[in-house]
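The values are calculated or read from the model by the stated rules, or taken from the named source; none is laboratory data. Keep in mind it's a predicted model, so treat the numbers as computed, not measured. Because the Cβ atoms are built from the backbone with ideal geometry, glycine has one as well, and the counts that use them run over all protein chains shown. Just the protein is used for accessible areas: all its heavy atoms, side chains included, with ligands, DNA and RNA removed. Shrake-Rupley method; radii C 1.70, N 1.55, O 1.52, S 1.80 Å.
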Amino acid sequence: MAKREIDYKAIFNASPSAMLVLTPELVILDANASYQHMVGRRRHQLVGRYVFDAFPEDPNSVDDLEASLRRVLATGTQDVEGPIRHDVEEPDRPGVFAERYWSPINAPVLNSVGTIALVVHRIEEITDLVRADRPRSDQQRRQMEIELYARSCELQQVNERLRQTSARERQVALALQDAMLPAPQPLAHHQAAVRYRPALNALNVCGDWYEVTQLPNGNSAVAVGDVVGHGLAAAGVMGQLRSALSAATRVVDGPATALDGLDLYARSVEGALSTTAVQTVVDRGGRNITYSSAGHPPPALVSPDGTVRFLDRATDPPLGASLDHTPRPQATITYSEGAALVLYTDGLIERRGEDIDQGLQRLADLLARHRKDDAENLAEALITLSDATDDTAVVVVRL
């Protein structure tokens, strides 16, 4: 069956929920039909204007609504504002405002690098609900207003507690990330740089890992791996596998043997099966790289002239994927002084609905353009290729 394209603009306009799309400067980019009907204003009266300038001056305060939008911009998270009163000018009576009550929700739309590109502002009118329960006496009316205000304050307090909880979780995640993925140790003869980016809307920990090791014999070992899944569970498995491979690399002869040992170990770790990994060893004296891959995307070697070669001649299935354990292959490739070795996880090259060859070509093109960059700048350029929906780790070694 042919894949059908989804017309998101048509969905937005047909939605029964009243919505605005705002820029980070709170300028209106679009207003759907439900919103136009609800506030009694046409699209051309809204689009292109600062959201609080799009209406005639409201005699009631809109501070709470603006504060909600500012919190979204500051935190990058959804914010629900308590019931607010925001009167709307009657279309046929300029200067006359009708009493209206609203329940707004503001949510960020993040771009591929995790910054806020848009803000969606959705409102539901609750005027009829408020009026249905409105008492007749002044005392009852005052009591209702107090209760409405109290409910609004309670909702704001709940939002604040949620924001504080999210902040604490993020601090824990960052500490865990630093413990599991520390800065690489310096190499004796090469410059190395790493970058790590978790998927959007995920904790700052994941199943992707990297390892940069200076071996006792003067060689350098570089590896990356990717555990299936996201979040703390995947990170726990990642930590075990990363440590096991790091230890094996120091005591065995060659990348293939190290992955053999990791394969056997992974079969005893819950959640480790189907993990992919690639191990490389750089021999500066012989100017060669020996490598072995367990189902992982191939490392890239970019020469000083911009030629890019993918290290894909020693690839076996992921860890634990074979019914019987068999020795893994390894291969060796020479390099020129000034080349760069790049290891990465699949979030750098894979896109949903796209052939992987397109991602590899995109990577090769970027490496050719940045072939003269130092390791840090090259790593920074590479991480911009990552898919925001997947975790990504990148290691660059300038040879």
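Tabulated data for the structure shown
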read-out	value
Label point distance in nm, residue 389-residue 53, each placed 7 Å from Cα along Cα→Cβ	3.7 nm
Amide H within-cut-off set for residue 328, under 5 Å, with H built and near neighbours excluded	260
Cα-centred dipole magnitude for the range 270-391, charges only on beta-carbon of K, R (+1) and D, E (-1), debye, nearest 20	460 debye
Spacing of the two label points (7 Å from each Cα toward its C-beta) at residue 185 and residue 92, in nm	8.2 nm
The range 243-305-the range 1-41 distance, computed between alpha-carbon centres (Å)	49 Å
Burial order of peptide ranges 290-296, 259-265, 7-13 (average beta-carbon count within 10 Å, highest first)	290-296, 259-265, 7-13
Probe 1.4 Å - accessible area at residue 99, Å² to nearest ten	50 Å²
Sites residue 313 and residue 273, calculated FRET efficiency, Cβ-Cβ separation with R0 22 Å, nearest 0.05	0.30
Efficiency of FRET from Cβ geometry, residue 217 and residue 6, R₀ 56 Å, rounded to 0.05	0.50
Solvent-accessible surface (1.4 angstrom probe) belonging to residue 122, in square angstrom, nearest 10	60 Å²
Segment residue 377-residue 333, extension gain: residue separation times 0.36 nm, minus the distance between their alpha carbons	13.4 nm
FRET efficiency estimate (nearest 0.05) - Cβ-Cβ, residue 355 to residue 264, R0 25 angstrom	0.15
Chain lengthening between residue 44 and residue 111 when straightened (0.36 nm per residue, less Cα-Cα)	21.5 nm
Probe 1.4 Å, all protein chains present, accessible-area order of 190, 44, 370, largest first	44, 370, 190
